[in-house]
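The values are calculated or read from the model by the stated rules, or taken from the named source; none is laboratory data. The structure displayed is predicted, hence computed values, not measured ones. Reconstructed Cβ throughout: ideal geometry from the backbone, glycine too, with neighbour counts over all protein chains shown.
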Amino acid sequence: MNYWAIIPAAGVGKRMNSNCPKQYLLLDEFSILFHTLSIFIQHRKITGVVIAISEGDEYWPEIYQQLPQSEKTILVAPGGKERSESVLSALKTLENYINDDCMVLVHDAARPCLLASDIDKLIQELNHHAVGGILGLPVVDTLKRCDINQEIIQTVDRHLMWRALTPQCFSLNLLTRALEQAYQQGQEKLITDEASAIELLGLKPKIIEGDPHNIKVTLPQDLIEARNFINHRKQTSG
């Protein structure tokens with residue numbers, strides 16, 4: 001089975017308060033998106049990458065030129081207003097390119113600290129799973145449910161609760177069907193990640209524990225943590 005990476009990268013990252021989309025912010029001399037793409041381009045089990053970007057994206061051409069030399073295919077799909085639209089667009093682009101089923105690993109553009117070993121772990125754990133699954137982390141903090149005034153109304157049992165990470169790995173055909181059906185039935189607002197679309201089909205994805213360094217750069221302080229991780233990885237590998 002071939003494995004393709006899908007990277008939705010059409011978001012604007014409003015919470016970063018920056019002059020450019022967060023995936024184009026620099027961690028060192030390279031952007032967040034460069035580091036994210038490089039992980040998959042350099043991974044031995046990944047056949048190719050599909051990236052969904054906004055129309056007229058002015059940053060992508062330079063990043064494409066910077067990427068490590070590889071014989072792997074990089075396809076570009078038109079991004080949508082919502083993440084799920086970008087993912088579906090990337091799936092359709094891949095579907096037209098390969099004319100066959102494969103496994104897709106959908107990964108957030110702003111998660112540049114993914115370990116190659118976590119990709120291996122995800123693929124291995126799902127090798128014989130009928131549905132597919134995602135990386136995640138068990139919840140360790142006490143969870144509180146609040147009202148609109150941020151006053152606590154309930155302590156939520158954290159037992160069996162997980163934080164969803166990416167990549168999220170499913171077959172091309174299954175994920176395409178799940179997203180299309182959700183839009184056809186007006187359930188697109190219920191899609192918060194790929195697994196939630198699969199769940200709407202009544203299926204049960206598996207969750208596999210990942211590395212806690214796999215953070216999503218969302219707020220300005222996340223840049224510091226990601227930058228420290230990238231620099232440490234460069235020092236230890238070089």
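For region 46-62, the tally of residues that are farther than 27 Å from Thr192 by Cβ and touching a strand residue (DSSP E or B) at 6+ places or on another chain (Cβ under 6 Å) stands at 1. For region 219-229, the set of residues classified as surrounded by 15 or more Cβ atoms within 10 Å (Cβ to Cβ) and either within 17 Å of the chain's Cα centre (by Cα) or not charged (D, E, K, R) (or both) consists of Asp222, Leu223, Ala226, Phe229, listed by residue number. Restricting attention to region 198-210 and to residues that are touching a Lys or Arg at 6+ places or on another chain (Cβ under 9 Å) and assigned to a loop (DSSP other than H, G, I, E, B), the residue that is surrounded by the most Cβ atoms within 10 Å (Cβ to Cβ) turns out to be Gly210.
Residue count for region 151-173 under the criterion of being assigned to a loop (DSSP other than H, G, I, E, B) and either charged (D, E, K, R) or closer than 17 Å to Gln124 by Cβ (or both): the result is 3.
Listed residues Leu25, Leu75, Leu67; which is out of contact with any Cys (no Cβ under 8 Å at 6 or more places or on another chain), crowded, with 17+ Cβ neighbours inside 10 Å and closer than 28 Å to Glu188 by Cβ? The conditions single out Leu75. Assigned to a helix (DSSP H, G or I) and either surrounded by fewer than 16 Cβ atoms within 10 Å (Cβ to Cβ) or touching a helix residue (DSSP H, G or I) at 6+ places or on another chain (Cβ under 7 Å) (or both): does that describe His43? No; evaluated as a whole, the condition is false for this residue.
Filtering region 135-151 to residues that are surrounded by 10 or more Cβ atoms within 10 Å (Cβ to Cβ) and farther than 20 Å from Gly210 by Cα leaves Leu143, Lys144, Cys146. Selection within region 1-40: residues that are in a loop (DSSP other than H, G, I, E, B), out of contact with any strand residue (DSSP E or B) (no Cβ under 6 Å at 6 or more places or on another chain) and under 26 Å from Leu175 (Cβ atoms). The member of this set that is modelled with the lowest pLDDT is Gly13.
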